[in-house]
Structures are given as structure tokens and as C-alpha cells.
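Q: One structure, as C-alpha cells, below. Some questions next.
The values are calculated or read from the model by the stated rules, or taken from the named source; none is laboratory data. Bear in mind that the values here come from a model prediction, so they are computed numbers and not experimental data. Neighbour counts run over all protein chains shown; Cβ positions are idealised from the backbone, glycine included.
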Amino acid sequence: METKLAAPVLPFLPPRSADVGGAAATGGAAGATAIPALLAALARFTRPLSYVGLPSLALPIAFASGLPIGMQFVGRPFAEDAILSAGIAFERAAGFGKRRLPALPAPTPALTL
């Protein structure tokens with residue numbers, strides 16, 4: 001029997017692109033540190049697994065405020081098949097593989113000069 005661990009992907013809801021873009025657009029020291037700090041926070045639960053070589057698979061499991069909440073399956077080294085099997089079993093049991101996000105609005109055409 002393969003050992004698997006289910007763990008969160010993020011310690012918070014994912015940020016909206018408008019919030020991230022606003023932080024980058026502020027400029028100055030605040031804008032220069034906002035993006036690296038956000039990237040570090042986003043990788044808090046996933047980066048250590050990559051460093052030690054453990055296979056993992058992140059899956060969306062729910063939505064909150066229209067944003068996906070993720071879970072990751074983590075396995076022993078070289079147990080990718082067990083992790084993928086766990087992901088497939090989860091999607092089938094939860095029916096989550098059939099869910100789709102609402103369509104995004106069409107992008108605004110770019111201005112040409």
C-alpha cells in the first residue's frame with residue numbers, strides 16, 4: 001500500500017489578478033517587494049516538496065468567492081503512479097472533473113498606435 005498525504009496548496013485564497021496587478025503598478029519599494037513576497041507565500045506549501053523530490057499533484061477541490069481552493073496529494077519518491085491514481089480516484093468520487101469555471105468575458109481589443 002502506498003503512503004499518500006493530502007495537504008493544502010495555499011495557506012489563503014488565491015489572489016485576484018487585479019489585486020496582483022495593482023500591487024505591481026504601485027511602483028516604488030512597496031511594488032518592488034509585493035510580487036516577490038506574494039510568490040514566496042504562494043509556494044509556501046509546494047516548494048519544500050519540490051526541494052526534497054517528493055511527487056505531488058495539485059487539484060482544485062472547491063470554490064470560494066469564485067476562486068479555486070486546491071489540495072495536493074504527496075507521495076514517496078518515485079511514487080508518481082500512486083499520486084496520479086489518487087488524483088483520478090478523487091476526481092471520479094467528487095465529480096469535480098466535470099465542473100467548469102464560468103466563462104471569462106472576452107478580452108478588450110488592444111489599442112494600436
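Q: In this structure, does residue 78 turn out to be surrounded by fewer than 11 Cβ atoms within 10 Å (Cβ to Cβ), at pLDDT 85 or above and hydrophobic (A, V, I, L, M, F, W, C)?
A: So residue 78 fits the description; yes.
Q: If you take the residues of the stretch 8-21 that are outside any helix (DSSP H, G or I) and exposed (fewer than 15 other Cβ atoms within 10 Å of the Cβ), which of them is modelled with the lowest pLDDT?
A: Taking the candidates together, the pick is 16.
Q: Let me ask something else about it. Within the stretch 44-83, how many residues are among the aliphatic types (A, V, I, L, M), over 16 Å from residue 9 (Cα atoms) and either part of a helix (DSSP H, G or I) or in contact with a Leu (Cβ under 8 Å, 6 or more places away or on another chain) (or both)?
A: The number of residues fulfilling the criteria is 2.
Q: Next question, about the same structure. Would you confirm whether or not the stretch 58-68 contains a residue that is polar (S, T, N, Q) and without any contact (Cβ under 8 Å) to a residue 60 or more places away in the chain?
A: The answer is yes; a qualifying residue exists.
Q: Tell me yes or no: at least one residue of the stretch 26-40 is at pLDDT 85 or above and in contact with a Pro (Cβ under 7 Å, 6 or more places away or on another chain).
A: Checked against the condition, which is being at pLDDT 85 or above and in contact with a Pro (Cβ under 7 Å, 6 or more places away or on another chain), the stretch 26-40 yields no hits at all.
Q: Oh, and also: Given the structure, is residue 84 over 18 Å from residue 17 (Cβ atoms) and either free of Cβ contacts under 8 Å to residues at least 24 places away in the same chain or surrounded by 13 or more Cβ atoms within 10 Å (Cβ to Cβ) (or both)?
A: Taking the combined requirement at face value, the residue satisfies it.
Q: Looking at (1) touching a Pro at 6+ places or on another chain (Cβ under 9 Å); (2) surrounded by 14 or more Cβ atoms within 10 Å (Cβ to Cβ); (3) of a type outside the set (S, T, N, Q); (4) under 29 Å from residue 98 (Cα atoms), can you tell me which one residue 59 breaks?
A: (1) is the only condition that residue 59 fails.
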